[in-house]
Structures are given as C-alpha cells and as structure tokens.
Amino acid sequence: MDNMFRLMAGEEYLSDRRCIWVNGPVIVGAGPSGLATAACLRDQGVPFVVVERSDCIASLWQKRTYDRLKLHLPKKFCQLPKMPFPDHYPEYPTKRQFIDYLESYANKFEIKPEFNKSVASARFDETSGLWRVKTTTTVGEEMEYICRWLVVATGENAEPVVPEINGLKTEFNGEVVHACEYKSGEKYRGKRVLVVGCGNSGMEVSLDLANHSAIASMVVRSSVHVLPREIMGKSTFGISVMLMKWLPLWLVDKLLLILSWLVLGSLSRYGLKRPSIGPMELKSKTGKTPVLDIGALEKIKSGEVEIVPAIKRFSQCHVELVDGHKLDIDAVVLATGYRSNVPFWLQESEFFSKNGFPKSPFPNAWKGKSGLYAAGFTRKGLAGASADAVNIAQDIGNVWREETKRQKMRRNVGHRRCISVA
C-alpha cells in the first residue's frame with residue numbers, strides 16, 4: 001500500500017522493475033500518429049508520455065524508406081494538426097523535407113519521447129482500473145508505466161511482411177531484401193532484379209531500378225488499380241475527395257476510371273488488369289490503396305520494367321513462374337507490405353482484432369473502452385491519423401478539465417472550512 005501511495009504521488013520505486021505513474025495518457029509510438037496525438041493533448045493542457053522503440057521519431061520514414069521517396073499526396077492532405085507545411089515546400093514534399101517537418105513539429109509542441117523503449121506488454125488492470133504498460137530496453141532494463149489512458153499509435157506499418165516463397169530462403173543464392181531495406185537502385189546497376197509486389201512501393205522501386213540501369217522485372221499476381229497522380233494538373237486524390245462530397249462512391253469510381261483511361265490508356269495489354277470494383281470502393285472495403293503512377297508506367301510501356309506473373313519457386317539463380325517461364329535473376333526486392341504489431345504486445349481482444357486493427361469501422365475506430373484509444377489505423381493515411389489525434393485529445397481533454405474543476409472545488413471547500421474553524 002505504501003508503494004501505491006508513492007506511485008500515485010508520481011515517484012518511482014524499485015521492485016522487480018521501475019514503476020512510474022503517468023498523470024495522463026501513455027502514447028505508444030513516436031511516428032506521425034503519436035506526434036499528432038501528443039500535440040493535440042499539449043494544446044488541451046493534458047500531460048502525456050510517449051514511448052518509442054527506436055532511437056528517433058518517425059523511424060519508418062528515417063530508417064525504412066528508400067531515398068527517392070516523396071509524399072504521394074499533396075501536402076495539404078498530409079499535414080498534421082495545428083501546423084501546416086512551410087510555404088516554400090513543394091506540392092509533394094521529399095522524404096527529407098517530411099522528416100524535417102516532423103522534427104520541427106515535435107520541437108514546437110515540446111514532444112520528447114522516451115526512446116529505445118519497446119513495449120513488451122500492455123494490459124488493463126480491472127482491480128485498479130488502470131493500464132499497466134511494460135517496456136524493455138536493448139540493455140534489458142525493464143520499466144512499467146501506470147496510467148488511466150493508453151493511446152496505441154504504432155501504426156499500420158509497424159512490421160514488414162515477408163512471405164514464404166518456395167526456395168527463396170533455402171535455394172536462392174542472390175541478395176534478398178525487403179523494400180524497407182532498399183535505399184537506391186545504384187548498387188543494382190546492370191543486375192537482374194525481381195521486384196515482388198505491385199503496390200506503390202513495388203512500382204516506385206521498379207522505377208528507381210530502371211532509372212539506375214538495372215534489369216527490372218515486377219511480379220503482378222492479381223489485379224491492381226493504377227491511377228495517374230494528377231489529372232489535368234490536379235491531384236487525383238484531391239479530385240476524388242471533392243467528388244465524394246457530392247456523388248455516390250460508385251459514380252466517383254466510374255468517373256475516376258474514365259479519366260484515368262484518357263490519361264493512361266488501356267493497361268491490360270501490359271499485364272495490369274483492373275479489379276472488378278472501383279478504386280475508392282476497394283480502398284473503403286479492404287484498405288488496399290490504388291497505385292498513383294509517378295513514372296513507372298512509362299518504364300513498363302517501354303519494356304524497361306517487365307511485368308511477370310506469380311512465382312512458382314526459386315532455384316540458385318533462377319525464378320520459375322506459374323506460366324512455366326524461367327528468369328535469371330541476381331537479386332530480389334520484396335515489396336510485400338507491412339502489418340500491425342499490436343497483437344504481439346496488447347493484451348486486449350474487444351477493441352482490436354487479430355490482424356492488429358480496430359474492429360469498429362471508420363469513423364469510430366479511434367476509441368475503445370477503459371481508456372483505450374487507437375491513432376492511425378483508419379487506412380486513410382496521414383489525414384485519417386490527424387482526425388484520430390484530434391478526437392482522442394478532445395475526448396481525454398474533456399475528462400481532464402472536468403476532473404481538474406472538481407479538484408479545485410474540493411480544495412476551495414476545504415480551504416473555507418479551515419478558515420471557519422480558525
């Protein structure tokens with residue numbers, strides 16, 4: 001009991017691990033979602049602690065993205081709450097510019113994450129009505145944070161997905177990297193590289209390889225929507241957002257596909273078949289984002305990037321495809337996406353599903369029970385994460401202000417009683 005009093009007073013004590021009472025929420029993750037939530041809480045006057053497993057903010061952007069990366073959407077759709085991008089930034093900021101923006105954002109709102117602390121587990125203690133968040137460091141130091149509110153902001157892309165492909169690990173002798181490890185096509189100049197995956201990352205890696213004179217092939221197993229990034233000088237995404245305010249989703253999709261056909265032409269002859277449902281409906285139902293072309297299609301049409309079907313198996317320096325063809329290859333880049341890591345550490349199954357995403361659909365995916373929140377799991381990019389951050393901060397802020405008001409009233413009553421007794 002004595003330890004609990006010391007804990008509630010904000011002191012640390014040692015048992016098997018250090019324990020800290022957090023007078024506000026714990027935010028897990030210092031990426032854009034976590035930073036946005038922290039900034040909105042700061043604006044509400046609510047204290048918080050941000051824990052981050054890496055040694056920097058936005059580790060995905062800083063350590064696991066390729067050099068040529070730019071934001072795929074115009075900057076107005078990617079800015080975080082309460083701080084726009086600088087006016088001199090281009091319409092599509094570069095990777096370095098976005099990182100600089102995030103660092104300025106953290107400095108402006110005095111967000112100082114506790115780095116190198118990986119969350120081992122987080123559970124709600126029914127007895128105390130508090131969350132217990134256990135972290136470990138690379139040197140084995142353990143710590144437990146006790147808090148009323150827990151904000152999960154580890155994001156949709158916490159861990160790379162590495163598929164099991166016959167012969168890839170056991171027989172293939174060439175280099176195999178995930179797209180999160182790929183930096184530039186310079187090291188692959190003149191080499192035969194197979195890109196597995198045809199999403200935005202797969203398309204852009206293939207483009208980068210072709211630009212560096214690599215011999216690139218890209219595996220396309222299923223249908224994919226490829227749209228121009230801009231139509232008549234206007235952002236395709238911006239056009240879709242505007243149309244969805246006035247028109248039903250199916251009609252928006254039909255218009256987008258007609259406009260895309262006018263700009264790009266038919267893509268089926270190049271091995272790129274469109275899904276049976278439209279791009280916005282597919283995004284809404286499955287979270288699968290359409291590819292926004294920034295030059296890869298030109299390389300595909302010119303033959304500099306070859307489209308190939310699904311893989312049957314790898315051998316020492318070859319890949320056999322399902323159509324029977326064999327390719328000589330020197331390296332493989334797995335542009336096979338990412339996944340949430342929430343199920344590995346959050347001991348809760350009512351709000352989050354087994355795939356690490358909230359069970360409730362947008363726009364109700366940001367709030368669970370018992371003080372549990374989720375930021376950045378809407379599959380709606382940075383705009384969705386920002387909306388989550390605003391909602392979470394307002395919800396916690398309302399409770400915080402009401403409790404602060406009651407505490408002041410109790411103190412005032414106690415003070416008046418002391419005066420009357422005196």
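Side notes on the structure shown:
- Check on residue 386, of a type in the set (S, T, N, Q), open to solvent by less than 60 Å² (accessible area, probe 1.4 Å) and either in contact (Cβ under 8 Å) with a residue 40 or more places away in the chain or within 21 Å of residue 48 (Cβ to Cβ) (or both): yes
- Neighbours by Cβ (under 6 Å, 6+ apart or cross-chain): first from region 353-374, over 13 Å from residue 392 (Cα atoms); second open to solvent by less than 50 Å² (accessible area, probe 1.4 Å) and β-branched (Val, Ile, Thr): 356/342; 362/378
- For first residues located in region 290-301 and in the same structural domain as residue 256 (by the TED database) and closer than 16 Å to residue 256 by Cβ, partners that are surrounded by fewer than 21 Cβ atoms within 10 Å (Cβ to Cβ) and of a type in the set (D, E, K, R) and lie 6+ apart or on another chain with Cβ distances below 8 Å form the pairs 290/283; 292/229; 293/229.
- A single member of 197, 185 is among the small types (Gly, Ala, Ser) and open to solvent by less than 10 Å² (accessible area, probe 1.4 Å), and it is 185.
- The set of residues from region 213-224 being open to solvent by 40 Å² or more (accessible area, probe 1.4 Å), modelled with pLDDT of 95 or more and not in a strand (DSSP E or B) comprises just one member, 213.
The values are calculated or read from the model by the stated rules, or taken from the named source; none is laboratory data. Computed from a predicted model, the values in this text were never measured in an experiment. Methodologically, a virtual Cβ is constructed for each residue, glycine included, from the backbone with ideal geometry; neighbour enumeration extends over all protein chains shown. Only protein heavy atoms, including side chains, enter the accessible area calculation; ligands, DNA and RNA are left aside. Shrake-Rupley method; radii C 1.70, N 1.55, O 1.52, S 1.80 Å.
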